[in-house]
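Some notes on the structure that comes next.
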Amino acid sequence: MAARGLEGIDETVQRTYTWINEITEDLGSDRHNGYKVLRAVLHALRDRLSVDESAQFAAQLPMLVRGIYYEGWDPRHDRKPGRDAERFLLQVGREANLDRADTEWAIQSVSRVLAKHVSSGEWSEVLAELPRPVRELLS
């Protein structure tokens, strides 16, 4: 009997690779770097959203990406570790191991992918909850 995949698992892996491939193509990088960038931006977003908005946003992510999003999350911690763009940049750069110029481009790349794959209403709600300087980074 031939091995058959599990439809839900196969689909989330494919969708996750689609997102990572879009990021890596935009950055001119490899999948490993695309994954690191996606993970870093998702964590920086997650850490600045309310628990309710975070859960609503995560519900629209592919199952595997949702796991990446929630990785290491402790909702008891302060949800707003830094309201300014500089702290957002530093967090993403540190987690993805990027310099500042590459960090800004990486954030914008992930933002484009999220805006493409998450409903416009949900993405608008995410952006509305962020302070203006961070929103500007994501545009």
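Key figures for this structure:
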{"quantity": "Surface/4 of the Cα convex hull for the stretch 74-139, nm²", "calculated": "4.7 nm²"}
{"quantity": "Theoretical gain in end-to-end length, Gln14 to Gln60 [0.36 nm per residue, Cα-Cα removed]", "calculated": "15.0 nm"}
{"quantity": "GNM flexibility winner over the chain from Val126, Val41, Val13 (Cα, springs under 10 Å)", "calculated": "Val13"}
{"quantity": "Among Leu38, Ala85, Phe57 the positive-end extreme of the charge dipole of the stretch 31-101 (Cβ point charges)", "calculated": "Leu38"}
{"quantity": "Residues Glu86 and Ser120, FRET efficiency given R0 of 35 Å [Cβ-Cβ distance, rounded to 0.05]", "calculated": "0.80"}
{"quantity": "Isotropically averaged projected area of the chain, using the convex hull of Cα atoms (one quarter of hull area), nm²", "calculated": "9.0 nm²"}
{"quantity": "Backbone HN-Hα couplings from phi across the stretch 6-17 [Karplus 6.51/-1.76/1.60, Hz, Gly and Pro as x]", "calculated": "9, 3, x, 5, 4, 5, 5, 5, 4, 5, 5, 4"}
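Rule-based calculations on the coordinates, nothing more; no lab input. Just so we're clear, the structure is a prediction, and the values are computed from it rather than from any experiment. Glycine also receives a Cβ, built like all others from the backbone with ideal geometry; neighbour counts cover every protein chain displayed.
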